């Protein structure tokens, strides 16, 4: 499938470094994400992929380097309000889903609408909640509790909550981990569908090759805190590098 | 040895700085627009109403036992008529506020610590933050303010029930009319007994809410840290309640009783 991408970079990372104690997790990371692009970051567990996207939303402060989102340097943002405004434009799908387990599906969806977008009109809230739930195929789950949902449904629900703010960039942290192959494929296709509908740009952290194949426009391979290869799925599948090729076997 | 002391001192100072920053963030968020009135009401219900039973029962037993324990001794001196005022003064000044606060440290601080700890571990707090919502305003401000308001009210409930318990205790061994008992109880009390006691209960409430929220909010990853946050919240809040009480008694003695 060919998607139309702008040349405009929505994320630009230069010389990013992050260490925890003596463990250097990110080593001189350079990365850009174009508008409308789906970028997959491939790598083994514990290689710093999640740390990278947490740096992008300022959940983790990097030691060195620059992260520009929509041309704004996130590492030096002046105040909470600026950061909040930037975060409103970025959606983050956590690996665990991170659903608010004391709230119903409806309340989970209403939470960002009320508190972030400050929408008070109940009719609009209801309409947006219904629309986004139908988008992810959970139209009848509105009054269920997160505990009543299956793993796949929880991922869909988490995606619905991310999408309800209509973000321009979506960061997916291992969206298919812990799911069976059929549900994984459904979630991967949902990521594509979402990208088409919302014209969003995405970074997808994964080690699920089916997910990478379905969703990626471009893939970067991460090993020991640095990118060692970059290309399309087909290019990397035929790479000369053993480590990169080992993902495709 | 010296490096151990240095690193211990560094940890203590870091912890103090961290708590000061958390408290300042709590204060700032009280006055930010968009106060969470609904959540505040829900927390008042959870912290106040749901603790009502245990606090009322403890208050009643406290008054009852205090009366039964002191009655024989005071009888020997022919001073059994002083039992109501003795019970009321000791309950209002000291036992009521401290016991209520310790019960709430066990019940409320641990539950806040566990709730926020589990939200932290399951990335729910991170998710709120990343979405652009304000978790401190929604989770911390509402819980601490609810404790601040509810602990004094629960203390009043405990005090009232202790009076009733005292009345039941005195009538279990001898006989005294309700009018006489309560008149003697209130005659023994002065404004200087009530005012400092009420003031300190606000500090107890603030401590319980703050410690519960801080421990929960700062729990590490992993399910074990949830239990640790709950446990640490109870222990820390209880110690602080005793310390605050000691300071309050000293201040009251200096400013009111001298």
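We did not get these values from a lab; they are worked out from the coordinates using the rules stated. Because the structure is a prediction, the values reported are computed rather than measured. Cβ placement follows ideal geometry from the backbone for every residue including glycine, while neighbour counts extend to all protein chains displayed.
Points to keep in mind about this one:
- Remark: C-alpha extents of segment A:33-174 on the principal axes read 46, 36, 29 Å, sorted largest to smallest.
- Ordering B:225-237, B:144-156 by mean Cβ neighbour count within 10 Å, with the highest value first, yields B:144-156, B:225-237.
- Peptide A:83-90 is shielded by partner chain Cβ atoms: per residue, an average of 3 of them sit within 10 Å of its Cβ.
- Pairwise Cα separations in segment A:115-249 fall into 5 Å bins from 0 onward with the following percentages, short to long: 2, 9, 18, 19, 18, 13, 8, 6, 4, 2, 1, 0.
- Across peptide A:103-113, the average count of Cβ atoms from other chains found within 10 Å of a residue's Cβ is 1.
- With all pairs of different C-alpha atoms in the average, the Kirkwood value for the hydrodynamic radius of segment B:115-258 is 18.0 Å.
- Within chain A, the proportion of Cα pairs with more than 33 Å between them is 18 percent.
- Calculated diffusion of the protein assembly as shown, Stokes-Einstein form, Kirkwood radius summed over Cα pairs, 20 °C and 1.002 mPa s, µm²/s: 82 µm²/s
- Per-residue average of Cβ from other chains inside 10 Å of B:31-38: 1
- Angle in degrees between helix B:178-187 and the longest Cα principal axis of chain B, rounded to the nearest 10: 60 degrees
- In this simple spin-label model, placing a label point 7 Å from the Cα along the Cα-to-Cβ direction at both residue A:107 and residue A:185 gives a separation of 3.7 nm.
- Helix B:224-252 axis, angle to chain B major axis (alpha carbon atoms, nearest 10°): 50 degrees
- Counting only alpha carbon atoms, the long axis of helix A:122-135 and the longest principal axis of chain A meet at about 50°.
- Packing around the peptides B:110-123, B:183-196, B:211-224, taken as the average count of other Cβ atoms within 10 Å per residue, puts them in this order, highest first: B:110-123, B:211-224, B:183-196.
- Only helices enter this figure: runs of n ≥ 4 DSSP H residues, each worth -39500 (n - 2.57), summed and divided by the residues of the protein assembly as shown, yield -18500 deg cm²/dmol at 222 nm to the nearest 500.
- The alpha carbons of chain B occupy a box of 67, 50, 34 Å along the principal axes, longest dimension given first.
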